[in-house]
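The values are calculated or read from the model by the stated rules, or taken from the named source; none is laboratory data. Note that this is a predicted model, so its numbers are computed, not measured. Ideal geometry is used to build each Cβ from the backbone, glycine not excepted, and the neighbour counts take in all protein chains shown. Only protein heavy atoms, including side chains, enter the accessible area calculation; ligands, DNA and RNA are left aside. Shrake-Rupley method; radii C 1.70, N 1.55, O 1.52, S 1.80 Å.
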Amino acid sequence: MQNLLNTQKSLMISSLSKDNQPEISYAPFVMKDKEIYIYISKAANHYYNLIDNKNCSVMVIEDESECKTVFARQRVSFNCEASILKEDVENIFEEFEKVHGSSMMMVLKNLDFDIFKLDIKKGRLVKGFGQAFDILVNDGEFELNQVMGMGHK
């Protein structure tokens, strides 16, 4: 899971509009201390969706060009609560510079972007066929529990 989170620079994000319609998009992200941070523009629908409804779902997924089969791409998804970051903004901005490049981040810093912290509530890791794990967060640590069930028929 950590390798997947470390090798991808963007995530898919699903949020709800004011009229409770699901909207999906993507956002560049960084992770620090098992917390997810996204940097998004006020021009993006999900910016205001997250202001109005803090619940969202995000997914980081293996690149199609690198996967063995598109039917079982490695992926991790999390249910989160979003909030605009008010403290430690410069420290997290520095993380964005490390991951996404300081020249790009300096351009964006002067625009209408804010950093949102996504507080992970639970998740699911899929490593491949028959390799799914529920993710629980206990005392800031990820706990993986293999999903047992009927499997694929």
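A few points about this structure:
- Number of the condition not met by Val137 [criteria: (1) surrounded by 11 or more Cβ atoms within 10 Å (Cβ to Cβ); (2) touching a residue at least 60 places away in the same chain (Cβ under 8 Å); (3) more than 30 Å from Lys18 (Cα to Cα)]: (3)
- Scanning the stretch 109-134 for residues that are over 21 Å from Tyr37 (Cβ atoms), in contact (Cβ under 8 Å) with a residue 40 or more places away in the chain and either outside any strand (DSSP E or B) or more than 18 Å from the chain's Cα centre (by Cα) (or both) yields Gly128, Phe129.
- Ser103 meets the conditions (1) open to solvent by less than 30 Å² (accessible area, probe 1.4 Å); (2) part of a helix (DSSP H, G or I); (3) polar (S, T, N, Q) in every case but one. The failed one is (1).
- Pairs with Cβ under 7 Å, 6+ apart, first in the stretch 48-65 and farther than 14 Å from Ile38 by Cα, second open to solvent by 90 Å² or more (accessible area, probe 1.4 Å) and at pLDDT 95 or above: none
Table: residues versus (1) in contact with a Cys (Cβ under 9 Å, 6 or more places away or on another chain); (2) among the polar types (S, T, N, Q); (3) surrounded by 12 or more Cβ atoms within 10 Å (Cβ to Cβ).
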{"residue": "Thr69", "(1), (2), (3)": "no, yes, no"}
{"residue": "Gln74", "(1), (2), (3)": "yes, yes, yes"}
{"residue": "Ser77", "(1), (2), (3)": "no, yes, yes"}
{"residue": "Ser83", "(1), (2), (3)": "no, yes, yes"}
{"residue": "Asn91", "(1), (2), (3)": "no, yes, no"}
{"residue": "Glu97", "(1), (2), (3)": "no, no, yes"}
{"residue": "Lys109", "(1), (2), (3)": "no, no, yes"}
{"residue": "Arg124", "(1), (2), (3)": "no, no, yes"}
{"residue": "Gly128", "(1), (2), (3)": "no, no, yes"}
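- When Glu87 is tested against the conditions (1) under 17 Å from Ile13 (Cβ atoms); (2) acidic (Asp, Glu); (3) not in a strand (DSSP E or B), the lone failure is (1).
- Those residues of the stretch 34-58 which are more than 14 Å from Ser14 (Cα to Cα) and either of a type in the set (Gly, Ala, Ser) or surrounded by 15 or more Cβ atoms within 10 Å (Cβ to Cβ) (or both), in sequence order: Glu35, Ile36, Tyr37, Tyr39, Ser41, Ala43
- Single unsatisfied condition, Lys86 versus (1) in contact (Cβ under 8 Å) with a residue 24 or more places away in the chain; (2) over 25 Å from Val147 (Cβ atoms): (1)
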